[in-house]
Amino acid sequence: MLSHSLLIRVFMGKHNEVAILYGSMALFHTIIHNVFLLHYLDMFVSVFKISKTSFLIGEVVFLIWNSINDPLFGWLSDRDLLKSSSHNSINKYEIIRKRLQILKRSGPLLALSFALFWFSWIPVSIQFVVCLCLYDSFLTAVDLQHTALLADLSVFISERAKLNKCSSIFSAIGSASVFVSYMFWDKNSILAFQTFCIIIAMFSTFGFLFSTSRLLNHYDQLAMKDRDYFSIHSQGEFCYLPLSI
């Protein structure tokens, strides 16, 4: 039987593996995010019967948090890199590994926060605020790291175009979840829809874990072959390898 790694090579191809793994993260993000955008208001208004006052207060709190967390998370995510660069010790593999590790944690947490929307587990007025803020936090973390990773993987226009192309294709595939969700949505009987949401949340979770683990393994192997990985760059310069190694 072919090994799991060999199967990946057979179906993806050696030179396209990084681009496909990077692009697939857009699928794991989009497949839940579009369902969230379409149904979360219906769930809280029509099913959970949130009051108008609680809804308005929750939206205000969410808007305030949303305006804060983007620059906050951007600063936090690159704080260590800025400290490293000030000591001329930044490394191409360290940057990629750091972003992938954040994605490996944030992706499953995004899926978990998505799943929390569809079940009543605390008073609805509190759940509305907590779920929105949690989801937006992990969504920001995933979007931020996934977008920044594009620049870190390659400086070549052709290879960035390949990464963007794969990401766009997978995003389009993930958008199909919106149409499928209509088959399960029924505000008078939400069990089928809840099951559907749990399934796509699990799919997203395992997808993020798989893609980030594969990419981490890929760049760990490259790092072992590059002796510069084990020494501090004397001039503190960024160095990148093309996707087609």
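All of the numbers you see were taken from the coordinates with simple rules; none came from a lab. Here the structure is a predicted model, which is why all the values come from computation and not from measurement. Because the Cβ atoms are built from the backbone with ideal geometry, glycine has one as well, and the counts that use them run over all protein chains shown.
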Please list 3J(HN,Hα) in residue order for the range 125-140, calculated via the Karplus relation 6.51 cos²θ - 1.76 cosθ + 1.60 where θ = phi - 60°; whole Hz, with x for glycine and proline. 5, 6, 4, 4, 5, 4, 5, 4, 5, 5, 4, 5, 5, 6, 5, 4
Two pseudo-spin positions, 7 Å from Cα along C-beta at Ile68 and at Gln101, lie apart in nanometres by 2.7 nm
Electrostatic dipole magnitude of the range 127-190 [Cβ: Lys, Arg +1; Asp, Glu -1; Cα centre; debye, to 20]: 180 debye
For the range 142-198, which trypsin sites (Lys or Arg not before Pro) pass both filters: DSSP loop (anything but H, G, I, E, B) and at most 12 other C-beta atoms within 10 Å? Lys187
